[in-house]
Every structure is written in structure tokens, then in C-alpha cells.
Amino acid sequence: MESIWSQTCEIARREPLPGDMKAEIAVIGAGMAGILIAAALQEAGHQVVVLESRRIGSGQTRNTTAKITSQHGALYRKLAEDLGENRARLYGSAQEEAIRTYRDLIEKRGIDCELETCDAYVYGASAERLRKEADTARRLGLPASFVSEVPLPVSAAGAVRFANQARFHPLKFLSAMAEDLTVYEETPVKTVEGGVIRTDRGSVRAEKIVFATHYPFVNFPGLYFARMHQERSYVLALENAPRIDGMWVGPKLDGYSFRRYGNLLLLGGGGHRTGENREGGRYEDLRQKARTWFPGCREAAHWSVQDCMTPDNVPYIGRYAASRPNWYVATGFHKWGMTSSMVSALLLRDLIDGKDNPYAALFDPGRLSGSVLPGLCREGRHAVKGLAKRIFLVPSKEVSDLPPGHGGVVTLKGNKVGVYKDLDGAVYAVDIRCRHLGCQLEWNPDEKSWDCPCHGSRYDCRGQLISGPAQEDLTE
């Protein structure tokens, strides 16, 4: 089902790439990050083209909950401990600058995107921890305070409140920001070599290239597949639910989030690492919670979103790799893509213009801090596990064991395959190897998709690619 943003905003179509061309700067990806980066560079006087595999905003941007906030969960105390207070202060300052820039752009351009100022909260079970989080954030210069009252149907000892944050309609904003940009839709990039971007509609030769594709698809150099994983979460839009002011998130992956849009309440939760949802039930859990918490409510829409997670909780924004000085990247936004996209635009504009930026070292993709190294080991273990499972684990089921409407890894004609059996009993078989690096895919019953537990690529029940880093469909 489409998100409420997709249901209430249609962005004008753009033509595909008409053939071979040259550009000063090419941005790959037309989500929030790609469009903001392109707009900032164009305003700075650069000639920019944007290449998008599908439609503007058709990736993760259309599925966000659209919080423009420096309140990124119970994060700042951990950042201060892991990275030091100076870097934690820079992180918070970058997010606050992003909020101000959104407001300035919206006012300057007169963009009607339903921008609202509101407070943002993270709730939790330990008042002591929350007070320490608030104290740390306030010491770092953020508008933080502890509150004991939590007007939510969850058990909580209090919350950290960030004042003067914002929310908006992301696609209405994105549509306005893209109006003056040169964007080529339905132009999936196949390869990037040096300064040449090749698509099936022609090639673009660019002096500088920016990867704003959510998850980078070029594995070498960069090794981003070894330095990130992806997580999914789910959202219900509810009618006839009580009014809950502000924006609320839980402190953990399995917590719930609450955010109002008009007369709808957006209830989020059910988070898990991509490819680790074999039992399903994520939407049903949210629906059960909605029935219990808000009797009489009605589901108006539901959707899901995917987020890239770095080991130290800080995005990768900067040069793609030392050996590619004219490539740039913006990725690893965790669940905070709105402010991180704006930070990317401001930072990459300065880097490309040769200007000093106070946040460059913090977000440098080449960093190897002490908090990053353990994460690299964890991601490596997941990749090895996914590959070993495909090679050595023999399925215990056959096609006949699958009930209609279900999927799974089975033995079919002596081969190990992924199979989905539709409600009429028709069988759709796919090669179970992810087209990225070959890990075994897992069936996601909530979305009837094949998901990669290693790096997060996703395919529909017939094997067509939904999202990367893979670039090709599965074979039958």
C-alpha cells in the first residue's frame, strides 16, 4: 500500500536520459538527499544533472515519517562517550543547522509543504538514563530537557524533549525543490568507472559524481557493504485516534513511534534487521496495538521503510574513497534521513567548492574510530553466515509444504530455490542468491518479498528488484 505522502502528492514526470552527454556534476539518486545536494550545488553555480532509476522520491523518501529534528533517539550520551563531547556537539550542531536551513528554504521559496513546528521526544523506562541523556544534550548546546509526563499508551518513566523541531509533507517539499533541476527518470545506472556513468539509455561523462542512492551500489573501492547494514520498520496511518501532540520515538529497535499528520496518527514500530523477519506479524502487531490503545480507530494506510545503519551511528558523507577523489557519497542516515539529507547537501557543496566545513571530519566516510571497528566485525560475521547458509544448509521443505499465500526456501527438482505460492496455488520460483554478493535471501511474509540479511537488497515475490545495493532482478 502507498504511504499517505504518495497518496496526496503526485510529482510531475521527467523524461529519461536522451542519450550520451557531458556534465560538470552528476548526482545519482533523486530522493531527498539527491535533490537537496543537486539544488545546493546548482545554487552555488554548478551545472548539475540528476539520474534516477525510477521516479523522483520513489525510494525511501516517500516512506519516511518526515521528522525534521536533531532529536535522534537516545543518542547524544552515547556519542559523547564514544566520540568525545566535541564531536557529539558537532553532530548536534549539524542537525540544528539542517532544521534552520529547511525553514529558510521553505520561507524563501514559498513552498507549501505543511511545515509545522513541534517538539520531539524520546521516551523510555529509566528516568535516570533519560535525565542523563537530557543533561548531556543540553550541555552540547541542544534544546533538550527532561519531562516526566508521557501522554502515550505505553509504559514510560519520562522522556527527553527537544523544543522547536519540525515536521512536513516530504513529497510536496521535494517536488518544489526539484522544479528547477535537470532530472532524468527511468534511467538506472549500471556501472560507474572513473568519470563515466553508464546506463541503458546512454552514458554521462562527469567531472564529479555524487552517490545519493540510499545504499551505495559500487562495492570497490569504498567497501560500504562491510560498514553498514539495513533495517526495516512499519507504519500505520490511523483515523479516529486521539490527538497526540509532538513527535515521539522509543529508544530501541522494538519501540513504537507516534506522529500526527492532519487528522491521522502515524503509529510506527516492528523494527528488525532486513532479512530477519521469517515469522512475520509486524503489521499485525501494530494493528493489535492500535485496537487496544485506540478503540474505534480505522487504518487509512500502511507502509514500510528501510534505513542504513552505520556502526558508530554517524552517517558517511564526503569523498567516496581516497582513490576516487572526484566521487562523493551520502549514506548511512539511520532513521533520520530528513536532517541528514540537508547536512549532506551543505557539506558536499562545501567540499566540492573547496571550502572548509566544520563537520567534514565527523562525517568523513574514511574514518576508522574505535566505535567503528567492532561494527565491521559484526557485519563481516553476518555476511559469512548468509553465504554459508546458502552453500551448506539443505532446505527441509518442498513446494507441497507451502500453503497458498506463503513463500520459503524449498527443494524443487533437486535444486534449492525460493518459492512463493499465490492464493490460487500458482508457484513462482526464483534463484535464492542475492544479486549483490550472493548471500541467501529470506522470505518476508509481511511484505511478500525476498530480503537479503547481509546487505539489505530486496526483491518482490517474482524476483523483481525492489531496492539495492543489488542492481539486477533474480533469475527464475
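The values are calculated or read from the model by the stated rules, or taken from the named source; none is laboratory data. For clarity, every value in this text was computed on a predicted model and none was experimentally measured. Every residue, glycine as well, gets a Cβ built from its backbone with ideal geometry; the counts of neighbours run over all protein chains shown. Surface accessibility is based on the protein's heavy atoms, side chains included, excluding ligands, DNA and RNA. Shrake-Rupley method; radii C 1.70, N 1.55, O 1.52, S 1.80 Å.
Summary of values
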{"quantity": "Looking only at the stretch 188-233, and only at residues there that are of a type in the set (D, E, K, R) and more than 27 Å from G268 (Cβ to Cβ), the one that is surrounded by the fewest Cβ atoms within 10 Å (Cβ to Cβ)", "calculated": "E193"}
{"quantity": "The stretch 218-248, subset at positive phi and of a type in the set (G, A, S), residue modelled with the highest pLDDT", "calculated": "G246"}
{"quantity": "Test: residue in the stretch 28-37 that is crowded, with 22+ Cβ neighbours inside 10 Å, part of a strand (DSSP E or B) and of a type in the set (A, V, I, L, M, F, W, C)", "calculated": "yes"}
{"quantity": "Matching option when the condition is in contact (Cβ under 8 Å) with a residue 60 or more places away in the chain and either in contact with a Leu (Cβ under 8 Å, 6 or more places away or on another chain) or of a type in the set (A, V, I, L, M, F, W, C) (or both), among L115, L75", "calculated": "L75"}
{"quantity": "Residue match in the stretch 99-118 (condition: in contact with a strand residue (DSSP E or B) (Cβ under 7 Å, 6 or more places away or on another chain), outside any strand (DSSP E or B) and open to solvent by less than 20 Å² (accessible area, probe 1.4 Å))", "calculated": "yes"}
{"quantity": "Among (1) free of Cβ contacts under 8 Å to residues at least 60 places away in the same chain; (2) closer than 14 Å to S145 by Cα; (3) small (G, A, S); (4) touching a helix residue (DSSP H, G or I) at 6+ places or on another chain (Cβ under 7 Å), the one test that A134 misses", "calculated": "(4)"}
{"quantity": "Flag if A166 is touching a Ser or Thr at 6+ places or on another chain (Cβ under 9 Å), open to solvent by 20 Å² or more (accessible area, probe 1.4 Å), more than 18 Å from S53 (Cβ to Cβ) and in contact (Cβ under 8 Å) with a residue 24 or more places away in the chain", "calculated": "no"}
{"quantity": "The stretch 320-340 residues that are over 21 Å from M309 (Cβ atoms) and in contact (Cβ under 8 Å) with a residue 60 or more places away in the chain, paired with ones that are open to solvent by less than 20 Å² (accessible area, probe 1.4 Å) and part of a loop (DSSP other than H, G, I, E, B) (beta carbon under 8 Å, 6 or more apart)", "calculated": "R324/G222"}
{"quantity": "Meets criteria (modelled with pLDDT of 95 or more and in contact with a His (Cβ under 8 Å, 6 or more places away or on another chain)) for V210", "calculated": "no"}
{"quantity": "In the stretch 412-444, the residues that are free of Cβ contacts under 8 Å to residues at least 40 places away in the same chain, among the basic types (K, R) and surrounded by 15 or more Cβ atoms within 10 Å (Cβ to Cβ)", "calculated": "K416, K421, R435"}
{"quantity": "Filter pass, A134 being of a type in the set (A, V, I, L, M, F, W, C), in a helix (DSSP H, G or I) and closer than 17 Å to H72 by Cα", "calculated": "yes"}
{"quantity": "Tally, over the stretch 53-78, of residues that are in a loop (DSSP other than H, G, I, E, B) and open to solvent by less than 20 Å² (accessible area, probe 1.4 Å)", "calculated": "9"}
{"quantity": "Yes/no for D135 being under 30 Å from L51 (Cα atoms), open to solvent by 20 Å² or more (accessible area, probe 1.4 Å) and acidic (D, E)", "calculated": "no"}
{"quantity": "Yes/no for A12 being surrounded by fewer than 23 Cβ atoms within 10 Å (Cβ to Cβ), in contact (Cβ under 8 Å) with a residue 40 or more places away in the chain, out of contact with any helix residue (DSSP H, G or I) (no Cβ under 6 Å at 6 or more places or on another chain) and more than 25 Å from G354 (Cβ to Cβ)", "calculated": "yes"}
{"quantity": "Where S93 falls short, out of the listed (1) open to solvent by 20 Å² or more (accessible area, probe 1.4 Å); (2) closer than 25 Å to P216 by Cβ; (3) of a type in the set (S, T, Y)", "calculated": "(2)"}
{"quantity": "Answer from V329, V314 - the residue that is in contact with a Gly (Cβ under 9 Å, 6 or more places away or on another chain), β-branched (V, I, T) and under 15 Å from G222 (Cα atoms)", "calculated": "V329"}
